[in-house]
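Presented below is the structure to which this report refers.
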Amino acid sequence: MASFLTCSALFTLIFIFLITPFFIVTDAKFSEQLPAPKASHIVEKMSHLHFYFHDIFSGKHPTAITVAGRENKFGGTVITDDPLTEGVEHRSKVVGRAQGMYAWSSLDAASLLVVMNFEFIEGKYNGSSFSLLGRNPFLETVREMPVVGGTGLFRFARGYALAKTFRFSGGKGDAVVEYNVFVMHH
Ligand SMILES: *[C@@H]1O[C@H](CO)[C@@H](O)[C@H](O)[C@H]1NC(C)=O
């Protein structure tokens, strides 16, 4: 009796192992390994970008708004669609936009978490973007934030941005920030 049970259990197992694979459809592929690019095919470029970022809360057409929390206080969260210009003046040529958000993320209210896509509309970078994710202790003269990826000409981007406040109008919170970005990309 015992050996009969063992035998039938064995048959069941064999049946499951032999038959089941035929019922699993495997034509869809979730991921695949691509051959590693040959070193000679990778041409990494280093770009330096220089522009001014205009964070505008005042006036009829603000490009930055506080959407949550208290303004300029821990937890305050701002969404931006800020113009990036070639020169320091607001009416200078717009070369791109900084679309994203920042949040007051330190208890002493002196540093921000920045999550932002910089999209460009000028010259060869038109249509390309890179993403910045970092900490911005905005009272410091120069803040460094990582560039963590990109699209278009900035594919595989990595690098860093140096942000330096050029002008800050305390009352409304409007700011003009000079950016120097060094980015390696394919
Ligand atoms: C940027 O690309 C868009 C879409 O392809 C095009 O309409 C626009 O004219 C381009 N701008 C410049 C300055 O080349």
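A short reminder: the numbers here are calculations on the coordinates, not readings from a lab. Values in this document were obtained by computation on a predicted structure and should not be read as measured data. Positions of Cβ are generated from backbone atoms using ideal geometry, with glycine treated the same way; all protein chains shown enter the neighbour counts.
Overview of results
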quantity: Hey, MET101 more than 16 Å from the ligand (Cβ to nearest atom), part of a strand (DSSP E or B) and over 15 Å from ALA163 (Cβ atoms) or not; calculated: yes
quantity: Pairs with Cβ under 7 Å, 6+ apart, first in the stretch 110-127 and closer than 12 Å to ARG97 by Cβ, second away from the ligand (no atom under 16 Å from the Cβ) and of a type in the set (Phe, Trp, Tyr); calculated: PHE118/PHE130
quantity: Among the candidates THR80, THR63, residue that is among the hydroxyl-bearing types (Ser, Thr, Tyr), more than 16 Å from the ligand (Cβ to nearest atom) and buried (at least 20 other Cβ atoms within 10 Å of the Cβ); calculated: THR80
quantity: Some residue of the stretch 83-94 being within 16 Å of the ligand (Cβ to nearest atom), part of a loop (DSSP other than H, G, I, E, B) and without any contact (Cβ under 8 Å) to a residue 40 or more places away in the chain; calculated: yes
quantity: Counted residues, the stretch 106-165 - those being in contact with a Leu (Cβ under 7 Å, 6 or more places away or on another chain), away from the ligand (no atom under 16 Å from the Cβ) and in a loop (DSSP other than H, G, I, E, B); calculated: 2
quantity: Number of positions in the stretch 168-181 that are out of contact with any His (no Cβ under 9 Å at 6 or more places or on another chain), touching a residue at least 24 places away in the same chain (Cβ under 8 Å) and part of a strand (DSSP E or B); calculated: 1
